[in-house]
Amino acid sequence: VQMKDRVAKAQKAAKGEGVVVLEGESGTGKEIFAQAIHTCSRRKNGPFVAMNCGAIPHELIASELFGYVAGAFTNALKAGRPGKFELAGGGTIFLDEIGDMPLQQQVALLRVIQERRIIRVGGDREIPVDARIICATNKPLKEFTRAGKFREDLYYRLNVVKIRIPPLRQRKEDIPLLFRHFLNRHADRAGLQRSDIP
């Protein structure tokens, strides 16, 4: 029942263009939800570009998100490079572990949400971007906001549609379904007939 409610909310969110925040512990399937929202949206034929904000060194997040111009820094490509927002044009950008984004880049992200434009690192030209934003976090953003670790204005900008995905231990009725799904998938890969599985 819990997951049916979440799926229904995700289906409803897919019809709109608002920012979606997916909350849940690691391993609850937040990226699968994000991909499903993208696939069911009017942007389904556009790219789905994912970035884990917690897996990238803080000093590189800006260039990953917004790209950079030629000569922006040492070892930069001579021609420059587009960032994830440009690559996601016409589609969806999925920002995983948004709670790990440094405060400085939170300011830049807020500006992108408001203006729908980016400026590449080292550049001065504004580039319009058209990407729907879906974020995910395993951290309590509201508590982070109160503690000054996450910008309050960005929190409310992101908090258009929030879907909390419960961990498997809170939805044990899903275990047999998941077991059967993975068993069938492995049987298909092994070339076995599903009817051979007890």
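The values are calculated or read from the model by the stated rules, or taken from the named source; none is laboratory data. A quick note: this is a predicted structure, and the numbers were derived from the prediction, not measured. With ideal geometry, Cβ positions are generated from the backbone for all residues, glycine too; neighbour counts draw on all protein chains shown. Side chains included, ligands, DNA and RNA excluded: accessible areas come from the protein's heavy atoms. Shrake-Rupley method; radii C 1.70, N 1.55, O 1.52, S 1.80 Å.
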**Item:** By accessible area with a 1.4 Å probe, ligands and nucleic acids excluded, highest first: order of M101, M3
**Value:** M3, M101
**Asked** Looking at Q114, G99, Y156, which one has the Cα that reaches farthest to the positive end of the dipole of the stretch 30-174 (charges on Cβ: Lys, Arg +1; Asp, Glu -1)?
**Response** Y156
**Cα gyration tensor, the chain - rounded (a/c under 1.5), prolate or oblate** = prolate
**Request:** Could you order H186, H38 so the one with the most accessible surface comes first? Probe is 1.4 Å.
**Result:** H186, H38
**Asked** Farthest toward the dipole's positive end in the stretch 1-53, which of N52, L22, H38, given Cβ charges of +1 (Lys, Arg) and -1 (Asp, Glu) about the Cα centre?
**Response** H38
**Message:** Could you work out the relative contact order of the chain? I mean the mean sequence separation of Cα pairs under 8 Å and 6+ apart, divided by the number of residues, in percent.
**Reply:** 30
**Prompt:** Over the heavy atoms of K44, what accessible area does a 1.4 Å probe trace out, to the nearest 10 Å²?
**Reply:** 120
**Item:** Stretch gain in nm, segment R117-A187, where the contour uses 0.36 nm per residue and the Cα spacing is subtracted
**Value:** 20.4 nm
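How large a share of the accessible area of the stretch 1-109, in percent, is made up of carbon and sulfur atoms when the probe is 1.4 Å and the other protein chains stay in place? Working shown, then result.
Numbers: 2970 of 5410 Å².
Using a 1.4 Å probe with all protein chains present, the stretch 1-109 comes out at 55 percent carbon and sulfur.
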**Request:** Would you please state which residues of the stretch 100-124 a label at Y156 would reach in this model, taking the label point 7 Å out along Cα→Cβ and a backbone N cut-off of under 17 Å?
**Result:** 107, 110-111, 113-115
**Fill in**
Farthest towards the positive end of the dipole of the stretch 79-180, among P166, G83, L177 and with Cβ unit charges of +1 on Lys and Arg and -1 on Asp and Glu, lies the Cα of L177
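Given Cβ point charges of +1 (Lys, Arg) and -1 (Asp, Glu) and nothing else, what value in debye, to the nearest 20, does the dipole of the chain about its Cα centre take?
560
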**Message:** Could you work out the pair-distance distribution P(r) of the stretch 1-109 from its alpha-carbon pairs, with 10 angstrom bin width and percents rounded to whole numbers?
**Reply:** 13, 39, 32, 12, 3, 0
**Asked** If you look for lysine pairs in the chain that are eight or more places apart or on different chains, how many of them have Cα atoms under 13 Å apart?
**Response** 8
**Asked** So what is the accessible area of the stretch 3-72 per residue, in Å², with the probe set to 1.4 Å?
**Response** 51
**Asked** For the stretch 132-143, what does the Karplus curve 6.51 cos²θ - 1.76 cosθ + 1.60, with θ = phi - 60°, yield as ³J(HN,Hα) per residue in whole Hz, taken in order and with x for Gly and Pro?
**Response** 6, 9, 10, 10, 9, 8, 10, 10, x, 4, 5, 5
**Asked** What are the residues whose amide H is under 5 Å from the amide H of V121, where those residues sit 5 or more places off or on another chain and H is modelled from the backbone?
**Response** G67, Y68, V69
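Is the stretch 124-185 best put as rounded, prolate or oblate by its Cα gyration tensor, with a ≥ b ≥ c the root eigenvalues, rounded for a/c under 1.5, and otherwise prolate when a/b is larger than b/c, oblate when not?
Details: a/c = 3.87, a/b = 1.74, b/c = 2.23.
Oblate, since a/c reaches 1.5 and b/c is not below a/b.
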**Fill in**
A correct Kirkwood calculation over the Cα atoms of the stretch 90-168 returns a hydrodynamic radius in Å of 13.7
